[in-house]
Each structure stands twice: as structure tokens, then as C-alpha cells.
Amino acid sequence: MKAMEDQVVQEELGYQDDEESLFQDIDLLQKHGINVADIKKLKSVGICTVKGIQMTTRRALCNVKGLSEAKVDKIKEAANKLIEPGFLTAFEYSEKRKMVFHITTGSQEFDKLLGGGIESMAITEAFGEFRTGKTQLAHTLCVTAQLPGADRYTGGKIIFIDTENTFRPDRLRDIADRFNVDHDAVLDNVLYARAYTSEHQMELLDYVAAKFHEEAGIFKLLIIDSIMALFRVDFSGRGELAERQQKLAQMLSRLQKISEEYNVAVFVSNQMTADPGATMTFQADPKKPIGGHILAHASTTRISLRKGRGELRIAKIYDSPEMPENEATFAITAGGIGDAKE
Ligand SMILES: Nc1ncnc2c1ncn2[C@@H]1O[C@H](COP(=O)(O)OP(=O)(O)O)[C@@H](O)[C@H]1O
Ligand SMILES: [Mg+2]
């Protein structure tokens, strides 16, 4: 969307250099003696940027079909020639953080809670019971992510991975009406995929990375609604928990990398389950999000959602590196997530 406009805006703001170094194509490795066939192998597993190589372990690279250890060493070496592998000064890091943007939830109160909305270069997880608004929030973000917003945010495209078959394009039309934007344009900017197994969900991320690379700087948001549903089905036995958590950790690490590599926001929803230990610890809320410590640590910001009266819902910051543990009330309306009227 608006590729030209985006570029102009970025140039005006002097973002071009940063963005460019962020999206260095792995084709550049050719200049450092890596052949096209090997580059193609990397791309086939979704590694499309030099940064992506840096973010992948040698061991994982050796698992790519056709890449020997010797080749992997050469690739790593070449990548390190293109980007410094080491430290940034705090100043440089703060310059990099300037590219971080926020996507509005549709509710000002909710945005305030989050410090402006759903953040890029991070994973935001919303968990809550059935009908607490997770999917409605995901739909709303599909529209708001396309609109220019605060801090010179230009808007962009979205990828939506649906694991529960609850994505409804008609909802996007209703939400588009609220923001006075064209239906077809809104729908055109959302790439949708249904995932059928946890493995398929993982494979789709290769496609996501390739797409984000192909249209660098155009995609702003990746949604997975919900992150755990298929893992729950695929690893249902008691003895399978360890394997589930290992696979989950791989997926989350992949998501984290994608969010940083392409400067996109990653939004995932999550379910809850009864906590058998709760009665022992006198917890007020005897339910907890699934995914265990692996998901708890991977999510940059965790939001818990619960029901209020009627269409009202309450969001609470559960865990965030910079926001206090506050609450906000919002409403689910025909036009998506909004503020509670009073
Ligand atoms: N078109 C709509 N207008 C107003 N509210 C809606 C609309 N569609 C769904 N909702 C409300 O959204 C809630 C379901 O939220 P949802 O995001 O699907 O929950 P979750 O994904 O957390 O299970 C329901 O309470 C429903 O009334
Ligand atoms: Mg849902």
C-alpha cells in the first residue's frame, strides 16, 4: 500500500538509511563469495536478510537441506562482513528504537494502557476467556494498522494467521465503515491464511518472512489468532508437553526475530485454562493463560482481558517492560474495539 508515499515519508524523515540496513538482502552475500544456489536454500526457509542469518544459530543453518558446516561457516563470515555482529552504543540503540511505532487498538483508554497501542519490534499477547474480545481486537487492528497514526506512523499491510476459523472479512467491512475507509482497499491489504496444524503454523512463518522481505517496510502487523490452539490439539497427551514447549519456543523465537528484522508488530491471542495450583495459593483468579513460562517470557507485553457489563471489557497489563500494571475499560462495538460511552 502506498509504497511510493511511504518511501517519500521515510526519506523526509531520514529513516531511509536505518530501514535499508534493516532490510539488507541476502543476495548481497554474493559479493562475499556465497553462490546463488546456497542463497536460494536460505530463502527457502524464510531467511531473506543478512540480519536473519545473524539471528539464526549455526546449528539451525546446518539443518537447512544442502548446507554443510563448512558452507555455514562461510555464510556466517560473509554476513558478519556486512553487519557488525557486536554492540551498539545506547545512543545508536535509541536511534533504532525511534523506528518503533504503535498501532491503535481503536480505544483511547486501551491505547493509553499500552503506551500508544500495539508496539512494533515486539510480541503483544492478549489472553482471556471465550468472548472477551481477542478476535474482535485482532479484526480491529487489521483496519487501524492501515491508517496513518501517531508519531508519523504511515500505515501498512497485515498478515492474519487464523487457527480457529474465526476470521470474518465482513467484520473488516463494518470496522472500515467506522473509520470511513474503502472496503475493497482495506480487504486488499490483509493477507489471510488458515493454519491447520502447529507444523503448518510454523511453515507459514517462512512465507511470512518471505513476504515481509519482498515488500520491505510495507507490512506492519502480523496477527496469530490464536497462538496455542493448534499446539493444544497436536500435543494433547501428558507425555507430549515437553515437546510442545520446545516447538512453541522455536515458533516464538521465530516471531521475535521477524518482528525485529522487519520492524513489525506481532499480535497473538491466547486462551486460558484452570490453574490446578490456584486453590493452594489463594489466587483471586483461578485461571491462567496457557503456554507456560515459554510464552510468558517470549511476549514483550501481556494483556489479560475479562468481561465487564454488556459490551464492556477490561484490559489489564500483565507484564510489560515499561508500562505499569494498570487497567482500562473498552467496548466491543459494531465498528470494532472502541471506548466505553459514558
Ligand atoms: N458485529 C458485532 N458488533 C458488536 N459486538 C460484536 C460483534 N461481533 C462480535 N461481537 C461481540 O464480541 C464478543 C466476542 O468477542 P471475540 O473477540 O470473538 O472473543 P474471543 O476471541 O475472545 O473469544 C461477543 O461478546 C460479541 O457479542
Ligand atoms: Mg477468538
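Scanning region 184-242 for residues that are under 12 Å from T163 (Cβ atoms) and among the β-branched types (V, I, T) returns T197, I223, I224, I227, V233. For first residues located in region 315-341 and away from ligand 1 (no atom under 16 Å from the Cβ), partners that are modelled with pLDDT under 80 and among the hydrophobic types (A, V, I, L, M, F, W, C) and lie 6+ apart or on another chain with Cβ distances below 8 Å form the pairs I317/M323. Among the conditions (1) acidic (D, E); (2) out of contact with any strand residue (DSSP E or B) (no Cβ under 8 Å at 6 or more places or on another chain); (3) away from ligand 2 (no atom under 16 Å from the Cβ), the only one that D170 does not satisfy is (3). Scanning region 231-260 for residues that are farther than 30 Å from A216 by Cα and in contact with a strand residue (DSSP E or B) (Cβ under 6 Å, 6 or more places away or on another chain) gives no hits.
This table checks each residue for (1) of a type in the set (V, I, T); (2) farther than 28 Å from I294 by Cα; (3) surrounded by fewer than 17 Cβ atoms within 10 Å (Cβ to Cβ); (4) outside the structural domain of I161 (by the TED database).
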residue	(1), (2), (3), (4)
F87	no, no, yes, yes
F91	no, yes, yes, yes
S107	no, yes, no, no
D111	no, no, no, no
M121	no, no, no, no
E125	no, no, no, no
G133	no, no, no, no
V143	yes, yes, no, no
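Residue-by-condition table, conditions (1) among the hydrophobic types (A, V, I, L, M, F, W, C); (2) out of contact with any strand residue (DSSP E or B) (no Cβ under 9 Å at 6 or more places or on another chain); (3) over 30 Å from H32 (Cα atoms):
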| site | (1), (2), (3) |
| --- | --- |
| G86 | no, yes, no |
| G116 | no, no, yes |
| M121 | yes, no, no |
| V143 | yes, no, yes |
| I159 | yes, no, yes |
| T163 | no, no, yes |
| R178 | no, no, yes |
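In the set (1) surrounded by fewer than 22 Cβ atoms within 10 Å (Cβ to Cβ); (2) modelled with pLDDT of 95 or more; (3) within 21 Å of P289 (Cα to Cα), F179 fails one condition alone, (3). Here M99 meets the list (1) outside any helix (DSSP H, G or I); (2) in contact with a strand residue (DSSP E or B) (Cβ under 7 Å, 6 or more places away or on another chain) almost entirely, failing just condition (2).
If you take the residues of region 212-234 that are assigned to a helix (DSSP H, G or I) and out of contact with any Leu (no Cβ under 7 Å at 6 or more places or on another chain), which of them is surrounded by the most Cβ atoms within 10 Å (Cβ to Cβ)? First the steps, then the outcome.
Step one: list which residues in region 212-234 are assigned to a helix (DSSP H, G or I), which gives 212-214, 229-234.
This time we only want the ones that are out of contact with any Leu (no Cβ under 7 Å at 6 or more places or on another chain), so: 212-214, 229-230, 232-234.
On the way: F212: 26, H213: 21, E214: 10, A229: 22, L230: 20, R232: 16, V233: 12, D234: 16.
The selected residue is F212.
The values are calculated or read from the model by the stated rules, or taken from the named source; none is laboratory data. Remember, predicted model here, so these are calculated numbers, not experimental data. For neighbour counting, all protein chains shown are included, and Cβ atoms are generated from backbone atoms with ideal geometry for every residue, glycine included.
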